[in-house]
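Peer 1: Okay, handing you the structure first.
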Amino acid sequence: QVKKQCDQKLLIRMKTKCVPCSLNLETQCPAGYTKITNGTGTPDCRYYLEIKTHTLSFPGCRHRCVKEFEQPECCQGHWGPDCIGK
């Protein structure tokens, strides 16, 4: 039995929106994603507040999230929707 299907595992990474670090404890990743940062997340961003005619910038935090995704692919030497071609 020759293996015809060789699915590729892809890791999709994303970051949540930048918010005040004190509010970031409750931040969740989108559905299907796993949070890989703990606590208040990573303090590597800035968020903005508009006050009348001024925009103020503050240091903030965000979480990193990953999602594993399996992309169907045929093994070498096989092709087509069912990976039958040889």
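The values are calculated or read from the model by the stated rules, or taken from the named source; none is laboratory data. Please read all numbers here as calculations on a predicted model, not as lab measurements. In this analysis, Cβ positions are derived from the backbone assuming ideal geometry, glycine residues included, and neighbour counts consider all displayed protein chains. Surface accessibility is based on the protein's heavy atoms, side chains included, excluding ligands, DNA and RNA. Shrake-Rupley method; radii C 1.70, N 1.55, O 1.52, S 1.80 Å.
Peer 1: Mind telling me which of Lys15, Lys67, Lys52 comes out most flexible in a GNM of the chain, alpha-carbon contacts under 10 Å?
Peer 2: Comparing Lys15, Lys67, Lys52 in a Gaussian network model of the chain, the most mobile one is Lys52.
Peer 1: Restrict the search to segment 1-79; then list the GluC sites (Glu not before Pro) that DSSP places in a loop and that have at most 16 other Cβ atoms within 10 Å of their Cβ.
Peer 2: Working: sites: Glu26, Glu50, Glu68, Glu70, Glu73; in loops: Glu73.
Sites meeting the loop and neighbour criteria: Glu73.
Peer 1: While we're here: Give the aspartates and glutamates whose C-alpha is closer than 18 Å to that of Lys4, dropping any in the same chain fewer than 8 places away, or say none.
Peer 2: List returned: Glu70, Glu73, Asp82.
Peer 1: Across segment 25-33, in residue order, what do the Karplus-derived ³J(HN,Hα) couplings come to in whole Hz, using 6.51 cos²θ - 1.76 cosθ + 1.60 with θ = phi - 60° and x for Gly and Pro?
Peer 2: 4, 8, 5, 10, 6, x, 3, x, 9
Peer 1: Sticking with this structure for a sec: Please work out how much accessible surface Thr42 shows to a 1.4 Å probe, ignoring ligands, DNA and RNA, in Å² rounded to 10.
Peer 2: Accessible area of Thr42: about 30 Å².
Peer 1: Put +1 on the Cβ of every Lys and Arg and -1 on every Asp and Glu Cβ in the chain; which of Pro59, Asn24, Thr40 then has its Cα farthest towards the positive end of the dipole?
Peer 2: Toward the positive end, the furthest listed residue is Pro59.
Peer 1: Excluding residues fewer than 8 places away in the same chain, name every one of the lysines whose C-alpha is closer than 16 Å to that of Lys67.
Peer 2: Cα-Cα hits under 16 Å: Lys9, Lys15, Lys35.
Peer 1: What is the extension gain from Arg46 to Lys67, computed as 0.36 nm multiplied by their sequence separation minus the C-alpha to C-alpha distance, in nm to one decimal?
Peer 2: Working: separation 21, 0.36 × 21 = 7.56 nm, distance 2.46 nm.
The Arg46-Lys67 span can extend by a further 5.1 nm.
Peer 1: Excluding same-chain residues fewer than 8 positions from Lys17, which aspartates and glutamates have a Cα within less than 16 Å of its Cα?
Peer 2: Glu26, Asp44
Peer 1: Moving on. Which far-off residues, 5 or more places away or on another chain, put their amide H under 5 Å from the one on Trp79, with H placed in the peptide plane?
Peer 2: Ile84, Gly85
Peer 1: Let me ask another. How much area per residue is accessible in the chain when the probe is 1.4 Å and only protein heavy atoms are counted (Å²)? Please list the in-between numbers first.
Peer 2: Numbers: 6670 Å² over 86 residues.
Value for the chain: 78 Å² per residue.
Peer 1: Give me the net charge of Cys18's neighbourhood, meaning all other residues with Cβ under 13 Å from the Cβ of Cys18; Lys, Arg count +1, Asp, Glu -1. Write down the numbers at each step before the final one.
Peer 2: Details: positive: Lys15, Lys17, Arg46, Arg62, Arg64; negative: Asp44.
Local net charge: +4.
Peer 1: What number in nm² do you get for the chain if you take the convex hull of its Cα atoms and divide its surface by four?
Peer 2: Working: hull surface 36.5 nm².
Projected area, direction-averaged: 9.1 nm².
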